[in-house]
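To start, the structure itself, in structure tokens.
The values are calculated or read from the model by the stated rules, or taken from the named source; none is laboratory data. Keep in mind the model is a prediction, meaning the values are calculated, not measured. Positions of Cβ are backbone-derived with ideal geometry, glycine not excepted, and every protein chain shown enters the neighbour counts.
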Amino acid sequence: MQNKNVYDVLKERGFIKQTIYDDDLYKMLGSESVTFYVGFDPTADSLHIGHYIPIMAMAWMQRYGHTPIALFGGGTGMIGDPSGRSDMRQMMTKEIIDHNIDCFKSQMSRFINFEGDNAAIIANNADWLLNLNYVEFLRDIGVHFSVNRMLSAECFKQRMEKGLTFFEFNYMLMQGYDFLYLNQKYGCKLEVGGDDQWSNMLAGVDLIRKKEGTDAFCLTCTLLLNSEGKKMGKTQKGALWLDENKCSVYDFYQYFRNVEDVKVAECMRLLTFMDMAEIEELTRYNDERMNLAKERLAFEVTKLVHGEEKAITAQKQVKAAFGGNAEDMQVIEAPKTSSVADLLCLATFAKSKSDARRLIESGAVSINETKILGGFDPVPDNAGEEFILHKGKKNHIKIKLV
């Protein structure tokens, strides 16, 4: 594995979106062990699918002998990144930020090794940002930033129409300083992140080259988009979180089981450690055999995020929901006062109450073996407190009334 340049691996699997000083970066990654970092602003108590690709890039680079720094934005999180935002982020307390960072660390340990050779380093920019002397910071760091150049950055353009606060304007300086600090303390030479961070990352590269006179690089990862060009990872219930309390293992598995055929190979390359030859073999068909590839994708991603045991359970539940063993079906709890329409929405068989009513009127809904005729009527008495809700011939789920 060590004989191959990790840059080739990342490129082959589709990770790389943009780089700077590309030839020099390639040579460096192929000739030495490089310390690099990826930043995570702790704006929630769980990572989500948007973090997944940069984390996988970290994992691949660590496998090829490079040392990752997981930088948590305890300091920058108190400002908020304006990138991709049309409004200002809600400010968080230090206690909330610290809690979110602990959650991130726990989830990342499934992908990244924090012990042994080239163990990942954990850093929190609150350690150096919160006690900065502002005047000294402006004299030492701010002097290297051109306001004209900053205003031309994509991350600020979207905010200019509604108004960009000076508070947020500092974010680019802070992120650039992070890279400089990590460069000075750990010899960090590369920043890896999402493509929406390109302007901020360039600022850090430029700052190091100006102040230190040494090489620095950045690499952005591709975003996972559907065939319409929209970000993948949105479900009917919201974002695709890696925390099973925010997105159940069943829903997580089911999301990847249902991805578009044209996206299966890309998801396998970016979100799993599957061998490229195996990916090509599984996804070369444009017929019903693609369902086997989707099952494999869903299983591999769920295993990485939630562990093999939960992935196996989710796989059984999903198969049961589409006509398999009733004993393996997912069980969801619902209030005894629920109408049939309520149950259809709770099971995500219907998007809304009106959608549920249309399904019922079309004769597509049954409880156990009884066809349902009234959408807003309570569950039939003879159903009992635990029963199977059917939508058509292929969608089934076990309901427990509480």
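Select the helices (runs of 4 or more DSSP H) contained entirely in region 263-323, then report the ones holding at least 3 residues which are charged (D, E, K, R).
Numbers: elements: 264-271, 276-282, 290-306, 308-321.
Qualifying helices (runs of 4 or more DSSP H): 276-282, 290-306, 308-321.
Going through region 109-140 one residue at a time, which ones are modelled with pLDDT of 90 or more and β-branched (Val, Ile, Thr)?
112, 121, 122
If you go through region 118-132 one residue at a time, do you hit one that is surrounded by fewer than 14 Cβ atoms within 10 Å (Cβ to Cβ) and closer than 12 Å to residue 62 by Cα?
yes
Residues to consider are 196, 261, 178; find the one that is surrounded by fewer than 19 Cβ atoms within 10 Å (Cβ to Cβ) and either within 21 Å of residue 67 (Cα to Cα) or in the same structural domain as residue 45 (by TED's automatic domain parsing) (or both).
When all the criteria are applied, what remains is 196.
Just to be sure I understand, how many residues within region 343-396 are within 37 Å of the chain's Cα centre (by Cα) and part of a helix (DSSP H, G or I)?
Adding up the residues that qualify gives 12.
Looking only at region 275-295, decide whether some residue is acidic (Asp, Glu), on the phi < 0 side of the Ramachandran plot, modelled with pLDDT under 90 and out of contact with any Phe, Trp or Tyr (no Cβ under 9 Å at 6 or more places or on another chain).
yes
Name the residues in region 197-215 that are touching a helix residue (DSSP H, G or I) at 6+ places or on another chain (Cβ under 9 Å), modelled with pLDDT of 90 or more and not aliphatic (A, V, I, L, M), would you?
The answer is 204, 206, 210, 211, 212, 214, 215.
Given (1) exposed (fewer than 14 other Cβ atoms within 10 Å of the Cβ); (2) more than 27 Å from residue 311 (Cβ to Cβ); (3) at pLDDT 80 or above, identify the lone condition not met by residue 368.
Every condition holds for residue 368 apart from (3).
Limited to region 106-140, what total is found for residues that are among the acidic types (Asp, Glu) and part of a helix (DSSP H, G or I)?
Here the count works out to 3.
Going by the conditions given, is residue 207 assigned by TED's automatic domain parsing to the domain that holds residue 20, touching a Cys at 6+ places or on another chain (Cβ under 8 Å), part of a helix (DSSP H, G or I) and of a type outside the set (S, T, N, Q)?
no
I'd like the residue in region 14-47 that is within 23 Å of residue 305 (Cβ to Cβ), touching a Lys or Arg at 6+ places or on another chain (Cβ under 9 Å) and of a type in the set (Gly, Ala, Ser) and, out of all such residues, is modelled with the lowest pLDDT.
44
Residues checked against (1) closer than 23 Å to residue 192 by Cβ; (2) of a type in the set (D, E, K, R); (3) surrounded by fewer than 17 Cβ atoms within 10 Å (Cβ to Cβ):
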| site | (1), (2), (3) |
| --- | --- |
| 206 | yes, yes, no |
| 215 | yes, yes, yes |
| 218 | yes, no, no |
| 230 | no, yes, yes |
| 254 | no, no, no |
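Which of the residues belonging to region 12-30 are aromatic (Phe, Trp, Tyr) and at positive phi?
Passing the criteria: only 21.
So residue 143 clears everything in (1) assigned to a helix (DSSP H, G or I); (2) over 25 Å from the mean Cα position of the chain (by Cα); (3) at pLDDT 80 or above except one condition, right? Which one?
Unmet condition: (3).
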